[in-house]
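Step one of this worksheet: look at the structure below.
The values are calculated or read from the model by the stated rules, or taken from the named source; none is laboratory data. Because the structure is predicted, anything quoted here is derived from the model rather than measured. Cβ atoms come from the backbone with ideal geometry, glycine included; neighbour counts cover every protein chain shown. The area values use the complete protein model at the heavy-atom level, side chains included, leaving out ligands, DNA and RNA. Shrake-Rupley method; radii C 1.70, N 1.55, O 1.52, S 1.80 Å.
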Amino acid sequence: IALGGGDLEAGLRYRQRALPIAAPSAARRMEIVQLLLRMGRTGQAAAEIETAREKYPGSAIFTYLLAVTRLDERRPREALELFKTAETEAATAGAQDRFNADFYFQSGVAAEQSGEISEAAERLKKCIAMDPANAARAENYLGYMWAVRGQNLAEAEKLILGALEKEPRNPAYMDSLGWVYFQQGRHADALVKLLRASELMPAPDPEV
């Protein structure tokens with residue numbers, strides 16, 4: 001009732017009070033973790049997940065959620081190791097299909113931020129393949145990752161153009177395309193796209 005009325009604090013309080021008087025339940029702990037993440041309380045969520053992992057060892061979903069909190073805390077290398085552990089736990093439980101495109105996007109981001117560029121590319125490609133219709137974010141991330149490094153520029157261009165087909169007024173994607181053109185030596189084309197990205201920005205962006 002509290003959550004239905006938008007009172008997240010009360011909803012969290014009632015769910016926490018239910019834990020000690022109900023039968024042990026991973027699902028109940030999951031509800032609390034999800035509420036904390038929804039409320040932006042990453043630190044508290046991480047502590048709850050650590051407790052849940054102790055009570056339910058080998059549970060891939062709790063390991064995955066801990067990886068997400070570590071990524072939010074800007075601890076990408078630790079996050080990447082947790083994403084890998086979650087994959088192993090899921091495989092052991094015969095639940096490899098539990099993880100969706102979001103899992104591979106987030107783990108790809110963790111790999112890129114850890115400097116593991118080849119692994120990041122592999123994970124982002126898997127994200128795109130799993131849900132191509134909604135892959136704009138991953139297409140742009142992978143394309144820009146390559147663009148800023150001057151790598152695979154033809155494929156980077158194709159990926160970012162694919163993202164812009166889905167979201168033609170996205171300024172971040174337009175900026176990425178400008179960087180691809182810049183790295184290709186197409187400076188006039190790059191300038192057009194970067195100026196367009198600047199126009200599309202909801203507020204002035206110093207970097208663009």
Cleavage-rule hits, GluC sites (Glu not before Pro), region 151-208, DSSP coil, Cβ neighbours within 10 Å at most 14: Glu207
Radius 12 Å from Cβ of Gly115, net charge of other residues (Lys, Arg +1; Asp, Glu -1): -1
Met145 - accessible surface, heavy atoms, 1.4 Å probe, Å² rounded to 10: 0
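Short version: what are the Cα gyration tensor semi-axes of region 78-151, square root of 5 times each eigenvalue, largest first, in whole Å?
Numbers: eigenvalues 96, 46, 11 Å².
One finds semi-axes of 22, 15, 8 Å for region 78-151.
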Net lengthening on full extension, Leu191/Ala2 (0.36 nm per residue, minus Cα-Cα): 62.9 nm
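Please work out the FRET efficiency for the pair Gln184 and Asp131, using the Cβ-Cβ distance as r and a Förster radius of 41 Å; give the result to the nearest 0.05.
On the way: r = 29 Å, r/R0 = 0.70.
The value I calculate is 0.90.
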Computed FRET value (nearest 0.05) for Asp72 with Ile21, which takes r as the C-beta separation and R₀ as 35 Å: 0.65
Leu37, Leu177, Leu65, ranked by accessible area, largest first (probe 1.4 Å): Leu37, Leu65, Leu177
Area accessible to solvent at Phe62, 1.4 Å probe radius, in Å²: 0
Tensor-based shape of region 1-89 (alpha-carbon gyration tensor, a/c under 1.5 rounded, otherwise prolate or oblate): oblate
When the convex hull of its Cα atoms is projected in every direction, mean area for the chain (nm²): 13.8
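Could you check how much of the accessible area of region 78-208 is carbon and sulfur, as a whole percent, using a 1.4 Å probe?
Details: 3480 of 6880 Å².
The nonpolar share, carbon plus sulfur, comes to 51 percent.
With a 1.4 Å probe and all protein chains in place, put Lys84, Lys55, Lys158 in order of accessible area, largest first. Provide the component values of the computation, followed by the final result.
Numbers: Lys84 65, Lys55 120, Lys158 155 Å².
Largest accessible area first, the list is Lys158, Lys55, Lys84.
Computed over the Cα atoms, what is the radius of gyration of region 136-208 divided by 2.2 N^0.38 Å, N being its residue count? Walk me through the numbers on the way to the answer.
Values: Rg = 10.9 Å, N = 73, 2.2 N^0.38 = 11.2 Å.
In units of the 2.2 N^0.38 Å rule of thumb, it is 0.97.
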Residues in region 140-175 that a label on Ala203 would reach, taking backbone N under 17 Å of a point 7 Å out along Cα→Cβ: 171-172
Nearby lysines by direct alpha-carbon distance to Lys125 (threshold 18 angstrom, same-chain neighbours under 8 apart not counted): Lys84, Lys158, Lys166
Local net charge near Arg70, Cβ-Cβ under 12 Å (Lys/Arg +1, Asp/Glu -1): -2
1.4 Å probe accessible area per residue over region 106-208, in Å²: 53
